[in-house]
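No lab work stands behind these numbers, since they all come straight from the coordinates. Since the model is a prediction, treat every value here as computed from it, not as a measurement. So basically every Cβ, Gly included, is an ideal-geometry build from the backbone, and we count neighbours across all protein chains shown.
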Amino acid sequence: MVALLLASPVLAHAQETWLVVNGGSQFASNDFAHVVEVPLFQTSLRADYPVGRGHVVDAGGGFVLPWDAGLGPVRLGLGVSVSTANVDHDAAVHAEIRSALAPGGVSRFEGVDTLSRSERAVHVQFSGNVPVGERTTVSVYGGPSHFAVKHDVVDDIDIPIVGNGSITLSRVVEVRGYRLGFNAGVDVAFFLADRIGFGFGVRVTRATVSVENVLLGTVAAERAHVSSRAGGVQLLGGLRLRLP
């Protein structure tokens, strides 16, 4: 929206303005893991976070630039959209303990808990728009994106003293990461009337954010950061509006 405000002098002379509201799904494989080794207690911990399919809500707008780019029927445009992708996933925690109570053996424990992740992104989109007939427009676009990721991670756990069994996840905290990335996609809009219609498209978004490893933070001397990819392939569809 800041980009649109900065471009307001151009917007005042734009050939056409459009608004979009989309819903859809994001498909990705953004898995990562947190690992902690505590030599003093002969303990090894690992938490695996699978990040896959999620639901996406997207809304934005833009305008067709008021000058001829010399590309025949192709009209250049500038837009901004905001998207939120939400993913629920199961975190699997594994612990291995070498204890004097079990000489020569290793005690193994496992636990699973359902956590959540959200990816909010602001996408700036430079587009080429081609009218196909009177009521259909095909757009190809791309540009930079800014991602803000919130992810639930395991902070502290309860481990039985001996034997093999289940871990009770005692505490979960939310960590955040921010990073610049990119977006690129194709959109097809069908207008049932002069001003209103529907459309669908495919968009690829990508960034790499840093997720803090807080696993067993009260024991580990240092907290590391692990890279986690954000974004993915998004299938979108919804309402299209255009203004003169």
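Using the count of nearby Cβ atoms within 10 Å as a rough guide to exposure, how do GLU16, GLU119 rank from fewest to most? Provide the component values of the computation, followed by the final result.
Working: GLU16 16, GLU119 27.
With the fewest neighbours first, GLU16, GLU119 line up as GLU16, GLU119.
If neighbour count is taken as other Cβ atoms inside 10 Å, put ASP152, ASP187 in order from fewest to most. All intermediate terms of the calculation are to be shown ahead of the outcome.
Details: ASP152 19, ASP187 22.
With the sparsest Cβ surroundings first, the list reads ASP152, ASP187.
Ranking request for peptides 142-149, 175-182: highest mean number of other beta-carbon atoms within 10 Å first, then the rest in descending order. Let's see the in-between values first.
Working: 142-149: 19.0, 175-182: 15.6.
The packing order, highest mean first, is 142-149, 175-182.
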